[in-house]
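Notes follow once the structure below has been shown.
The values are calculated or read from the model by the stated rules, or taken from the named source; none is laboratory data. Predicted, not measured: the structure shown is a model, and the values here were computed from it. Neighbour counts run over all protein chains shown; Cβ positions are idealised from the backbone, glycine included. Each accessible area value is taken on the protein alone, full model and side chains, heavy atoms only, with ligands, DNA and RNA left out. Shrake-Rupley method; radii C 1.70, N 1.55, O 1.52, S 1.80 Å.
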Amino acid sequence: ILYFLYSLPNYIVSSTNELSNDIMKLGVSRLKLRIINNGVDINRFIKASPNDKLRLRKAFSVNPMKKTFIYVGLFIDRKQVVELLQIFKKLFLIRNDFQLLMVGHEMDHPENKKNFLKIWDKEKNICLKQGWLKIFPFSNEIEKYFRMSDFFVFMSKLEGMPNVILEAMASQLVILTNKFDGFSKDYGKNNEEFILLSNDINNNCKIINNIIDNADFSNLIAKNARTKAEVFFDLENTINEYIELFVKK
């Protein structure tokens, strides 16, 4: 059935090479495939000036003196948000000069494990009481949360090309992410445009602890991420590529 459906259109668009490979496994010709990366508004998602960052943190009651990490997305099992909290709980045993902002909401999602919400609620409440975690609902002005942050952390199990990574790159944040199923080489290279986490909580804690203390390396990663977003993920270019498909004879 899928092969039949894919054989009908003139073109099949995929956001990454990895997803295109999955489509070709169904027998679809490479000639039909077009790779058009997801785009991000590089004028909306920008690096905040020091004064702007300070103003935003005060407005949202976020500590202006601490290194700030941000996660944006659903609080569900697939996004490994419990594991994320466990990393920062271990980090809190070492230092307390950081904070984690989580923007989203929890869901009784069909993919969740049976006891996920109970475990999530328990871990969340412990971290909130420790004082380093702040939770915010989804916002139509999500760029403000990126702009008040220093690092973006994302540890999913399965994704396509999540826009939150592109938004964080455009916002010139240090990207910390795992190699989830569907992870794209289009993001760049480890230790150049992003820093790759593993599935080991202790190892991830060490990586994050080290990156907090390495300002020069952090700044380089963040600048490279912004450049990558400008060159490869500019929303205007993405739109033009789609337009070209429709006008192509």
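Each residue in the range 49-66 was checked for being closer than 23 Å to Ala229 by Cα and touching an Asp or Glu at 6+ places or on another chain (Cβ under 9 Å), and 1 pass.
Residues checked against (1) at pLDDT 95 or above; (2) more than 17 Å from Phe136 (Cβ to Cβ); (3) exposed (fewer than 13 other Cβ atoms within 10 Å of the Cβ):
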| residue | (1), (2), (3) |
| --- | --- |
| Ile36 | no, yes, no |
| Ile46 | yes, yes, no |
| Asp52 | yes, yes, no |
| Arg57 | yes, no, no |
| Thr68 | yes, no, no |
| Gly73 | yes, no, no |
| Gln80 | yes, yes, no |
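Answer yes or no: is there a residue in the range 5-21 that is crowded, with 17+ Cβ neighbours inside 10 Å, in contact with a strand residue (DSSP E or B) (Cβ under 7 Å, 6 or more places away or on another chain) and not hydroxyl-bearing (Ser, Thr, Tyr). Within the range 5-21, one or more residues are crowded, with 17+ Cβ neighbours inside 10 Å, in contact with a strand residue (DSSP E or B) (Cβ under 7 Å, 6 or more places away or on another chain) and not hydroxyl-bearing (Ser, Thr, Tyr). For the range 193-236, the tally of residues that are crowded, with 16+ Cβ neighbours inside 10 Å and either among the small types (Gly, Ala, Ser) or within 14 Å of Gly39 (Cα to Cα) (or both) stands at 10. Any residue at all in the range 53-70 that is closer than 28 Å to Ser15 by Cβ, within 15 Å of the chain's Cα centre (by Cα) and either in contact (Cβ under 8 Å) with a residue 24 or more places away in the chain or part of a helix (DSSP H, G or I) (or both)? Yes, that holds for at least one residue. Asn38 meets all of the listed conditions (1) assigned to a loop (DSSP other than H, G, I, E, B); (2) of a type in the set (S, T, N, Q); (3) without any contact (Cβ under 8 Å) to a residue 60 or more places away in the chain but one, namely (3). Within the range 124-135, is even one residue open to solvent by less than 30 Å² (accessible area, probe 1.4 Å), in contact (Cβ under 8 Å) with a residue 24 or more places away in the chain, in contact with a Pro (Cβ under 9 Å, 6 or more places away or on another chain) and not acidic (Asp, Glu)? No. Those helices (runs of 4 or more DSSP H) of the range 144-240 in which 3 or more residues are β-branched (Val, Ile, Thr) occupy 201-213, 215-232.
Among the residues of the range 16-34, count how many are more than 15 Å from Ile239 (Cβ to Cβ) and either at pLDDT 80 or above or outside any loop (DSSP other than H, G, I, E, B) (or both).
Here the count works out to 13.
When the range 190-249 is limited to residues that are touching a Leu at 6+ places or on another chain (Cβ under 8 Å) and β-branched (Val, Ile, Thr), the one that is farthest from Phe88 (Cα to Cα) turns out to be Ile195. Out of the residues in the range 29-59 meeting the condition of being in contact with a strand residue (DSSP E or B) (Cβ under 8 Å, 6 or more places away or on another chain) and among the β-branched types (Val, Ile, Thr), tell me which one is farthest from Thr16 (Cα to Cα). Ranking the candidates gives Ile42 first. Looking at the structure I just gave you, is Met107 farther than 23 Å from Arg57 by Cβ and within 19 Å of the chain's Cα centre (by Cα)? When the stated conditions are applied, Met107 passes them.
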